[in-house]
Structures are given as C-alpha cells and as structure tokens.
Amino acid sequence: MSAKQQHGIITTLATWEFFRSLPSHKTGNYLSAWLAKTHAQHLNAQEAILVDAAGHWLETTTGNLWGWQDSSWWTPPLTEGILPGVMRSQIIKWLPNVREEPWNADLVRRFEAIAYTNSVVEIIPIHTVQQPTGSLQYNPYHPSFPQIRRLFLA
C-alpha cells in the first residue's frame, strides 16, 4: 500500500473554470483536469477537486469522491455532471449504504472522512481540502476505509 493510500493527501478546490467538458462521454479530453491538477500542485496539494458554478464538489481530477457520515457512504450523483466511472458504479453496487447527493458546503463540512477512487489508485483518503475560506480536515485513518479497500481485493 502506498503512503498516499495509508496516510491520505492534501487537495485544493479548483476554480469552476476547470470543468470537465461532456462528462457523460469519455471523450479523452482531460485538458481541464490536467490544468486543475497542475495548478493544485503549485499550491502544494496532490490533487484538485472540481466544482461546478454553484460551488458543489463534483470529483477529483482523476477519480470519484466518497464521503462518510451517518454510517453511510456519500457520492455526488451523475446528474451533477461527473464522469460515471466504472469503478464508481461497481462500488455503488457493492456497498450496502450509498447516498447520491450534491456535495454543497454544508454537507462537506459534516463528513467524518473523504476519499477518491479510481481503478488505478483504488482508494486514496483525503486529509485536507484547501479552500478560499480555510482548510477542511478529515480523518485519513477512519475505520470506514477498509470497507472500500476490501472491494479491490476481490
């Protein structure tokens, strides 16, 4: 397991100009995501979270977001304009309690833990999200993470 998978990473919110074009289609155009991630790295973050014009968190530049609260996993719905992700759909099928809700400012403050997933890195906890109003801190060692990690062992 990599250090990122064990201890988590720092992310930053990308400005809404870094949007993913045609999210319902895997077009191969990842320029905006690459630009957002490059910008995040200049801010000493390893990843960026893409947001919409309303400020809702959508996904990271390389994966789907997951948050834990109230004994359930939460993920933004496809209707928000995120990439569907093969791994995301599998995780939703495998996990017993998944809630698909827009990630507004109030919701993200209530999460105990957040992470992102994709088929290459599996699950990466996020311990800090830098944003203009101050950083949000999450538990990268939350006891809910093994629930998703076990899914990648199958």
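Listed values, structure above:
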| item | result |
| --- | --- |
| Label point distance in nm, ARG150-ALA54, each placed 7 Å from Cα along Cα→Cβ | 3.5 nm |
| Contour minus Cα-Cα distance for SER119 and HIS39 (0.36 nm per residue) | 26.4 nm |
| Computed label-point distance, nm, for sites GLN6 and GLU100 using a 7 Å Cα→Cβ extension | 3.6 nm |
| ASN139 versus SER89: modelled label distance in nm, points set 7 Å from Cα along the beta carbon direction | 3.3 nm |
| Per-residue ³J(HN,Hα) for region 100-113, Karplus 6.51 cos²θ - 1.76 cosθ + 1.60, θ = phi - 60°, Hz, x for Gly and Pro | 9, 9, x, 8, 8, 4, 5, 5, 5, 6, 8, 5, 7, 8 |
| Helical mean residue ellipticity (222 nm; -39500 (n - 2.57) per DSSP H run of 4+; nearest 500) of the chain | -6000 deg cm²/dmol |
| Rounded to 5, percent antiparallel among DSSP beta bridges of region 3-153 | 65 percent |
| Residue of LEU65, LEU107, LEU50 that the Gaussian network model of the chain assigns the largest fluctuation, springs spanning Cα pairs under 10 Å | LEU107 |
| Whether the chain is rounded, prolate or oblate, judged on the alpha carbon gyration tensor where a/c under 1.5 counts as rounded | rounded |
| Unit charges on C-beta of K, R, D, E only; dipole of region 46-127, Debye | 140 debye |
| Order of VAL86, VAL121 - criterion: other Cβ atoms within 10 Å of each residue's Cβ, fewest first | VAL86, VAL121 |
| Order of ASP70, ASP52 under a 10 Å beta carbon neighbour criterion, fewest first | ASP70, ASP52 |
| For GLU59, GLU80, order by how many other beta-carbon atoms lie within 10 Å, fewest first | GLU80, GLU59 |
| Relative contact order for region 3-153, counting Cα pairs under 8 Å that sit 6 or more residues apart, in percent | 26 percent |
| Under the Karplus curve 6.51 cos²θ - 1.76 cosθ + 1.60, θ = phi - 60°, whole-Hz ³J(HN,Hα) for region 59-76, x wherever Gly or Pro sits | 6, 8, 5, 10, x, 8, 8, 9, x, 10, 6, 6, 6, 9, 8, 10, 8, x |
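Any read-out appearing in this document is the output of simple, stated calculations on the displayed coordinates, not a laboratory observation. These numbers come from a predicted model, not from an experiment. Glycine gets a Cβ as well: all are built from the backbone with ideal geometry, and neighbour counts include every protein chain shown.
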